[in-house]
Structure formats: C-alpha cells, structure tokens
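Taking it in order: structure first as structure tokens, then the write-up.
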Amino acid sequence: MKKTLLLACFAVALPLLVSCGSGEDKTAPAAETVAAKPTVIVEDAWVRATVGAKDTSMTAAFMSLTNPSGADIKLTSATSPVAGMVQLHEMAMRDGKMVMQEKAGGITVPKESHTHLKPSGDHVMLMQLGKALKPGDEVPLTLTFSDGTSHDLTVPVKNFTEEEEHYHPSETPTPAP
C-alpha cells in the first residue's frame, strides 16, 4: 500500500520537478510580456434600435476601435446570435449617390491610432434579425481581428433618428431645407 502511494506521488511530482528544474525557456515570452501586449480596444459600442422603423429586419452597430500596437490590425468579421447575417459595411459614392456596401478586406484600425464605426461611415451591419430591437435591449456581438484576437461584447441598443434613410427607410417624410 505504501509503495503504491509513493509511486502515485512520484508520478504526480516528477513532471513538476522536471519542468521547474529545467531552467528558464528563453524562447517562450514571459507572462508579463504577453499580458502587456495590447490588442484593439473596443469602446462606446451601441446598436441602433429598430422599433418604429419600416424595416425591423436589419440594423447597425457602431463603436470606437483603438489600436495601441505598432502594426495595423483589421476588424475582419463579426457575429451575433440575434442576426442571421452580419457583415462589415461602408458608405461609398457610386454613380453620384452614397450607398451602403460590404467592405472588402475588413476595417483597418491603424497602428497607434483609432477608427470610429459610425452612422454614414464604416459599421457592423446586423441583418435578418429575429425580432425588433428596442432601446434598453442588449445585443451579444463578437468581433474578430486579423491579429487572431476576438472581443465578446454585450452592446446596448439605443435610439438614433439621424440618417434613417441609410439604415431604415422611414414612413416619416424628411423636412425640406
């Protein structure tokens, strides 16, 4: 019995002793180095409410992305369980008109700088929504970046009435200037 217990202790302790006694691995980065290397910082994220819009099947998410690293990083994709399809979009001039379209290649967050995803600019488009979103709701959203990192967010839904024609055609006529 003592022999079995001694062998079991030895089997558990041996890998620990070998790893501790092998010296420092100069090829592996220190834990502090890995933790100190920041990735894209996501701030002020919000999703536009769909309640009251003519088309409640789609909306957009907006946010600020800051890249403190020394290399450009791209937002390459996004997902959300509330949407059947999620795409990265941009507003672009086509045939003299501003149109919304999928942004090929993702959204660049320049090194040591930031990018704002905003109405009438780059944004995360949530399509094929399962239900209308009202102010106060929260939307789970996962952002994936070219550096292999991802951010799991819980994003608040807010009212936004500007630029309705870009995201939600409205029954309300736009006043003439």
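The values are calculated or read from the model by the stated rules, or taken from the named source; none is laboratory data. None of the values given here were measured: they were computed from a predicted structure. Quick reminder, even Gly has a Cβ in these numbers, built from the backbone with ideal geometry, and neighbours come from all protein chains shown. Note: accessible area is taken over every heavy atom of the protein model, side chains too, but ligands, DNA and RNA are not part of it. Shrake-Rupley method; radii C 1.70, N 1.55, O 1.52, S 1.80 Å.
Some points to look at:
- Sequence of Glu138, Glu90 when ordered by accessible area, the most exposed leading, probe 1.4 angstrom: Glu138, Glu90
- For Ala49, nonlocal amide neighbours, meaning residues 5 or more places apart or on other chains whose placed amide H falls under 5 Å from its own, are Lys158, Asn159, Phe160.
- Each peptide among 95-102, 144-151 gets the average number of other Cβ atoms lying within 10 Å of its residues, and from highest to lowest they stand as 144-151, 95-102.
- Ile41 accessible area, assembled protein chains, probe 1.4 Å, Å²: 70 Å²
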